[in-house]
Amino acid sequence: MAIVGMLSMAHVAEAQVRGVYPTGMSATNAGVMPDAGLTYSNLFIFNARDESKGPDGEVVATGTNAVMIDLNTFVWVSRGTLFRGARFSAAATLLVSNNSLASDTAGQLSAGGGFADFYFQPFILGWTTDRVAIRAAYGVLAPTGRFNADASDNVGSGYWTHAPSIGVTLFLTKDKTTTLSAFYMHEFHTVQEGTGIHPGQTADIDYSITRTVRINDEAQLQLGVIGYGQWQTTDKTGPTVTSAEGSAHYQVNALGFASNVVLPARSVSLGLKYFKEFSNRSTFEGYTLQIAGAVTF
């Protein structure tokens, strides 16, 4: 699991249109820890949005907003256990981002690419029983990506984010082939450098229900219905933020499908997720495509 700054979607630095978590990336197997040892995962995310929604869900602008993110995550999982059978883990994510924003009336507004903010999870604990898997974590997003308050090519957020999270997977059948997963993260942002703006806190929820079927002796296929939600929970404040702007909390909703191919003997997995957004508020609306791969050494 990883996060990356998404404020580059806006053409002015002070605009807050989303949280920093790439919604939906933890929709499946949210509580499941990787196998013991070192795991490398790559996640490519393509976000495409063509409408900007107002506080009441009305369309206030149209155009094109495209964000491509490549997340490279390294996860280490202990072989032994701590109290009550918990396994300890830590993860680090390097991100490359490319974004562009254009309006039907004003033309190109912003574009930028490069290394984005760095995400580090120094503390992850996971528990697994016959019927449930739980993963609790603390992460921090460091503003290492390029950011300038007056620039239109930012790829970083310009502020720190503290992000505690918890993921739960319920095994609905004894053979663990039918699962219900839910993931929750809360984002606590600091003041943005150069603008004095304090973004509002954000709540993120991913969820899914999936079924795994055996393809052959070496491969399994997981299919399911997935979704995500994101809500701004506190006002944005700052020297240039009006009361109306500060209280216009964004809201995001999406549903979609997921498919994952798992090769247990080789400790390899490949996955695809697609989400279609609906009923958004004070943000962009469109769709998200995610392609993932992971291998444990």
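Observations on the model:
- Residues within the stretch 32-63 that are part of a strand (DSSP E or B), crowded, with 16+ Cβ neighbours inside 10 Å and among the aliphatic types (A, V, I, L, M), tallied: 2
- Single residue of Ala66, Ala90 found to be closer than 14 Å to Arg135 by Cβ, open to solvent by less than 60 Å² (accessible area, probe 1.4 Å) and either without any contact (Cβ under 8 Å) to a residue 40 or more places away in the chain or part of a loop (DSSP other than H, G, I, E, B) (or both): Ala90
- Scan of the stretch 247-296 for residues that are over 30 Å from Gly63 (Cβ atoms), outside any strand (DSSP E or B) and free of Cβ contacts under 8 Å to residues at least 60 places away in the same chain, ordered by number: Pro264, Ala265, Arg266
- Within the stretch 118-152, if we keep just the residues that are assigned to a strand (DSSP E or B) and of a type in the set (Gly, Ala, Ser), the residue that is most open to solvent (accessible area, probe 1.4 Å) turns out to be Ala136.
- Checking the stated criteria, Pro22 turns out to be crowded, with 22+ Cβ neighbours inside 10 Å and in a loop (DSSP other than H, G, I, E, B).
- Failed condition for Phe171, given (1) out of contact with any helix residue (DSSP H, G or I) (no Cβ under 6 Å at 6 or more places or on another chain); (2) modelled with pLDDT under 95; (3) farther than 24 Å from Tyr21 by Cβ: (2)
Conditions tested, residue by residue: (1) out of contact with any Asp or Glu (no Cβ under 7 Å at 6 or more places or on another chain); (2) closer than 28 Å to Phe297 by Cβ; (3) acidic (Asp, Glu).
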| position | (1), (2), (3) |
| --- | --- |
| Glu51 | no, no, yes |
| Gly54 | yes, no, no |
| Thr81 | yes, yes, no |
| Ala86 | yes, yes, no |
| Ser97 | yes, yes, no |
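- One residue stands out in the stretch 258-281 among those that are under 30 Å from Lys53 (Cα atoms) and hydrophobic (A, V, I, L, M, F, W, C): the one that is surrounded by the fewest Cβ atoms within 10 Å (Cβ to Cβ), namely Phe278.
- Options Gly85, Gly37, Gly31, Gly114; residue that is at positive phi, at pLDDT 90 or above and of a type outside the set (A, V, I, L, M): Gly37
The values are calculated or read from the model by the stated rules, or taken from the named source; none is laboratory data. These numbers come from a predicted model, not from an experiment. Virtual Cβ from ideal backbone geometry, glycine too; neighbours counted across all protein chains shown. Note: accessible area is taken over every heavy atom of the protein model, side chains too, but ligands, DNA and RNA are not part of it. Shrake-Rupley method; radii C 1.70, N 1.55, O 1.52, S 1.80 Å.
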